[in-house]
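Structure, as structure tokens:
The values are calculated or read from the model by the stated rules, or taken from the named source; none is laboratory data. This one's a predicted model, so the numbers in the text were calculated from it and none came from an experiment. Methodologically, a virtual Cβ is constructed for each residue, glycine included, from the backbone with ideal geometry; neighbour enumeration extends over all protein chains shown.
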Amino acid sequence: MASITTATVCGSRSGPTGAQWFLRFDLHGRRHEMGLGGYPSVGLKEARVERDRWRKIVQSGKNPIRERERQRREAARYDNTFRAVTMEAFDARKAELKGDGKAGRWLSPLNHHVLPKLGDVPVEEIDQRDIRDVLAPLWHEKAETARKALNRISIVFKHAAAMGLDVDLQAAENAKALLGQSRHVPKNIPSLPWQDVPAFYRTLGDEARSHLALRLPSRSVQCPRGQGLRDPGNRLSPP
């Protein structure tokens, strides 16, 4: 065991579990020791930084051991990971979403592509490079999904700022600049010639929800003025 004086304030001790850094200080007439972590996971430089940090607490008349415990309780109470802030942002926007967002569409881009990598990272530590690295695999292949994810990230960051957290509100926009121009070329879905609508309509069942959903737009099809669609049992008149 290494002995130290009150003046040096920081020392190390070897035990069954390995070497440990500790801070020794006098407060209110009593001697105290505070652990600063084990070596080598905590190096000499880091131990000195921690020593100086907690010495300031001692000089202010507070017990650094109790202050550290208080800070840990505060950290546990306020979870500022990207995942936690995302859920808070989602809860705040539920009223704007169809069915209060229960279908999961708003969260889907984040759940599948962002939260697995950044969910446990404090939102204040995330920058444009982190966002770029997460979205890069999608940027040229699934551009629309990447765009939605980027939009959601921007919303989460704005919510974090409203919570008083120190986040970069330009991170999403800067990540977009780092990603560059997407090579993805959107392809339009070809329209169905109006002459083929009656035959298509007959293929739709009466029970499947997807089929029922297709019936509505097919009933509102626009055809050339003066030309109605006539089919036995099914007639669409011109507008």
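Check Val134, Val156 and return the single one that is buried (at least 17 other Cβ atoms within 10 Å of the Cβ) and closer than 11 Å to Thr86 by Cα. Of the residues listed, the single one that is buried (at least 17 other Cβ atoms within 10 Å of the Cβ) and closer than 11 Å to Thr86 by Cα is Val156.
Can Glu67 be described as under 34 Å from the mean Cα position of the chain (by Cα), at pLDDT 90 or above, surrounded by fewer than 16 Cβ atoms within 10 Å (Cβ to Cβ) and within 30 Å of Ile126 (Cβ to Cβ)? So Glu67 fits the description; yes.
Listed here are the residues, each with its yes/no results for (1) surrounded by 12 or more Cβ atoms within 10 Å (Cβ to Cβ); (2) at pLDDT 85 or above; (3) more than 30 Å from Ala160 (Cα to Cα).
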position: Ser3; (1), (2), (3): no, no, yes
position: Ser12; (1), (2), (3): yes, no, yes
position: Trp21; (1), (2), (3): yes, yes, yes
position: Gly38; (1), (2), (3): yes, yes, yes
position: Gly43; (1), (2), (3): yes, yes, yes
position: Ile57; (1), (2), (3): yes, yes, no
position: Gly61; (1), (2), (3): no, yes, yes
position: Ala76; (1), (2), (3): no, no, no
position: Phe90; (1), (2), (3): yes, yes, no
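Just to check your reading of the model, which residue among Ile153, Ile126 is out of contact with any Asp or Glu (no Cβ under 6 Å at 6 or more places or on another chain), of a type outside the set (D, E, K, R) and under 13 Å from Lys176 (Cβ atoms)?
Ile153
When Gly61, Gly38 are screened for being under 34 Å from the mean Cα position of the chain (by Cα) and not assigned by TED's automatic domain parsing to the domain that holds Val167, only Gly38 passes.
Candidates Ala47, Ala103: the one that is in the same structural domain as Thr145 (by TED's automatic domain parsing), of a type in the set (Gly, Ala, Ser) and either under 26 Å from Lys142 (Cα atoms) or part of a helix (DSSP H, G or I) (or both) is Ala103.
Restricting the search to the stretch 85-100, which residues are without any contact (Cβ under 8 Å) to a residue 60 or more places away in the chain and assigned to a helix (DSSP H, G or I)? Hits for the stretch 85-100 are Met87, Phe90, Asp91, Lys94, Ala95, Glu96, Lys98, Gly99, Asp100.
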